[in-house]
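Working notes, beginning with the structure itself.
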Amino acid sequence: MKIHWIGTGTPTPTPQRFGTCYVVEVCGRFLMFDCGPAATFKMVRAGLFPTQIHRLFLTHHHFDHIADLPCFLLTRWDQCADRCEPLKIFGPAPAREIVEKLIGAQGAFLCDWNARLNDPGSKSVFENRGGVLPRKPPAADVEEIDSGWVWREGGLSVSAIRTVHAEPWLITLAYRLDTPDGSLGLIGDAEPTAAVCDFMRGVDCLITHCWGFQDEMDANGEDDGQTGTIDAAQMGSDTGAGTLVLSHCGGELASVEGRAQAIAQIQKHFAGEIIFAEEGGTLLLGEDKNGGQPA
Ligand SMILES: [Zn+2]
């Protein structure tokens, strides 16, 4: 299993990271989790291509997790030329409405794809890519999911559980992926709960949002709905994860000094491997565990 760190940032853009997106390559499949800002471009820069993705799982609808949806969906549609396996999207409500409002018949990008369907030059490009006219409008099969949902395909199992993040305004999900190459927990934005720890118990690798230093978050009111250093360490310990990956980190965890301090805090509570997810990097599980940046 190979995890591509496409987006490992927050809503604040920095030269190193912006928004959230991971692509998990396993059993010959490419599973995409979240579609944060510039995910499509960053994916291509990392050596992947949107047409390779056939399943997209969304944690929640904050813009740092879905802002690149129109770009990804339209690019995949355009480059596939009707020759790809249809894209299936899983996510909490109102995922279907969001996708419809972007690429649907009355969606924001109607003028784009309607022109591509009808413009003679665009039709030629489509045919030269291997497409057969008449061209079909963009489409995505969206399934709205919630706690208890499980999807199985080709030896893979993906399951979902609600997390505590921004209720009642947003439903937020975490995912667990069980594969022949090992198991992976993906917690987007959330504060730790016993239910999520139970759900993730025994995973080989736990990827979690880690906003900042716990004591500062507790003092400045940013701990509600979010995970800090000690929360992350405790979740790693409680779940028994072998590797703890910290992502979606705030600015204070971006510096070398900040990370060293964070690791020192976390190591007091968690004995496994600690990694900061770096955009453009990868992590291998099940074959080689040196793909990231071990602490
Ligand atoms: Zn969020």
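The values are calculated or read from the model by the stated rules, or taken from the named source; none is laboratory data. Nothing here was measured: the structure is a model prediction, and the numbers come from that model. Here the Cβ is made from the backbone with ideal geometry for all residues, glycine too, and neighbour counts use every protein chain on show. Side chains included, ligands, DNA and RNA excluded: accessible areas come from the protein's heavy atoms. Shrake-Rupley method; radii C 1.70, N 1.55, O 1.52, S 1.80 Å.
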Partnerless Cys - the chain, beta-carbon criterion under 4.7 Å
CYS21, CYS27, CYS35, CYS71, CYS111, CYS197, CYS205, CYS210, CYS249
³J(HN,Hα) computed for each position of the range 47-54 - Karplus, 6.51 cos²θ - 1.76 cosθ + 1.60, integer Hz, glycine/proline x:
x, 9, 9, x, 5, 6, 7, 10
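Just add up the charged neighbours of THR282: K/R +1, D/E -1, any other residue whose Cβ is under 10 Å from the Cβ of THR282.
It works out to a net charge of -1.
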In what sequence, highest mean first, do 261-269, 150-158 appear when ranked by Cβ atoms within 10 angstrom?
261-269, 150-158
Grab the eigenvalues of the alpha-carbon gyration tensor for the range 36-120, scale each by 5, take roots, and send me the semi-axes largest first in whole angstrom.
20, 17, 12
Keeping all protein chains in place, calculate the accessible area per residue for the range 2-284 (probe 1.4 angstrom), answer in Å².
40
Ordering of 75-81, 245-251 by burial proxy (mean other Cβ atoms within 10 Å per residue, highest first)
245-251, 75-81
Distance between Cα centroids, the range 161-178 to the range 6-60: provide it in whole Å.
18
Between 0 and 90 degrees, rounded to the nearest ten: what's the tilt of helix 256-267 against the longest Cα principal axis of the chain?
60
Under 25 Å between C-alpha atoms is the cut-off here; go through the chain and count lysine pairs that meet it, provided they're at least eight residues apart or on different chains.
12
Bridge type composition, the chain - antiparallel percent by DSSP, nearest 5:
55
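Could you work out the local net charge near ARG152, counting Lys and Arg as +1, Asp and Glu as -1, over the other residues with Cβ closer than 15 Å to its Cβ?
Surrounding charge for ARG152 is +1.
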Run through every distinct alpha carbon pair of the chain and return the Kirkwood hydrodynamic radius in angstroms, one decimal place.
19.5
Could you go through the range 249-254 in sequence order and give the Karplus-derived ³J(HN,Hα) for each residue, using 6.51 cos²θ - 1.76 cosθ + 1.60 with θ = phi - 60°, rounded to whole Hz, and x for Gly and Pro?
8, x, x, 5, 9, 8
Ordered by number, the chymotrypsin sites (Phe, Trp or Tyr not before Pro) in the range 153-237 that occupy a DSSP loop and have at most 11 other Cβ atoms within 10 Å are TRP169
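Just the number, please: carbon plus sulfur as a percent of the accessible area of the chain, 1.4 Å probe, no ligands or DNA/RNA counted. Mind dumping the intermediate values first?
Details: 6490 of 12240 Å².
C and S fraction of accessible area: 53 percent.
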Residues with amide H under 5 Å of HIS60's amide H, sequence separation 5 or more or different chain, H placed in the peptide plane at 1.01 Å from N; which?
LEU173
The chain: relative contact order in percent, alpha carbon pairs under 8 Å with at least 6 residues between:
16
With a sphere of radius 9 Å drawn around the Cβ of THR40, what net charge do the other residues whose Cβ falls strictly inside it have (Lys, Arg +1; Asp, Glu -1)?
+1
